[in-house]
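See below for the structure under consideration.
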Amino acid sequence: MEPWRYRSLPIGGRFRPRRSLRRSGGGLVRYLAGVAAPALAFLDDEGEEVLLDADEAAALLALTDNLDAATVSACPTCRSRIVAVVALVDVLGEAPPFSRSSELVELADDAPTLHLYVRDLTTRCVHHAWRDPGYDEWREAIDDLVDS
Ligand SMILES: [Zn+2]
């Protein structure tokens, strides 16, 4: 199956989630004919985004040991987390080949801050158990991007 992509976007274009896609509370529209639903979103502080479908997300996490080496702070009960851009590029460089690596590296290289925000789109987790200060940074970043 073709991975979910925003093919209509120009190279370097910006994608901001449309309001209509946001209402389901973290659950983007789950089933779209013929395309896999996005499962994991990587966002930078300006809203640039790379979306992975469920298979891609699982592959990425398997190939990178759950992104542990790049994770700054993470929800203990879902896959939402903050990753450090420099470490992410290193981790992807050391991992076995992954189909979306170059897009993630590009996102990381172009990120305006040192962190990328990973949002698990497949969970209803409200991150109650994510108690370190990273959660506030993540929440603030996601809120800004989703509500602006
Ligand atoms: Zn969570």
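Every number here is computed from the coordinates shown, using simple stated rules; none is lab data. Every value quoted in this text rests on a predicted model; they were computed, and no experiment measured them. Quick reminder, even Gly has a Cβ in these numbers, built from the backbone with ideal geometry, and neighbours come from all protein chains shown.
Here are some notes:
- Table column - 3J(HN,Hα) (Hz), the range 126-138, Karplus curve with 6.51, -1.76, 1.60, x for Gly and Pro: 9, 6, 4, 8, 8, 10, 7, x, x, 4, 4, 5, 4
- Contact order relative to length of the range 37-147, as percent, for alpha carbon pairs under 8 angstrom and 6 or more apart: 36 percent
- Hz values of 3J(HN,Hα) by residue in the range 112-118 - Karplus curve (6.51, -1.76, 1.60), Gly and Pro given as x: x, 10, 7, 10, 10, 10, 9
- Scalar couplings 3J(HN,Hα) for the range 73-79, obtained by applying the Karplus form with A = 6.51, B = -1.76, C = 1.60 to θ = phi - 60°, are 7, 8, 5, x, 10, 9, 9 Hz; x denotes Gly and Pro.
- Relative exposure of 135, 117, judged by other C-beta atoms within 10 Å (fewest first): 135, 117
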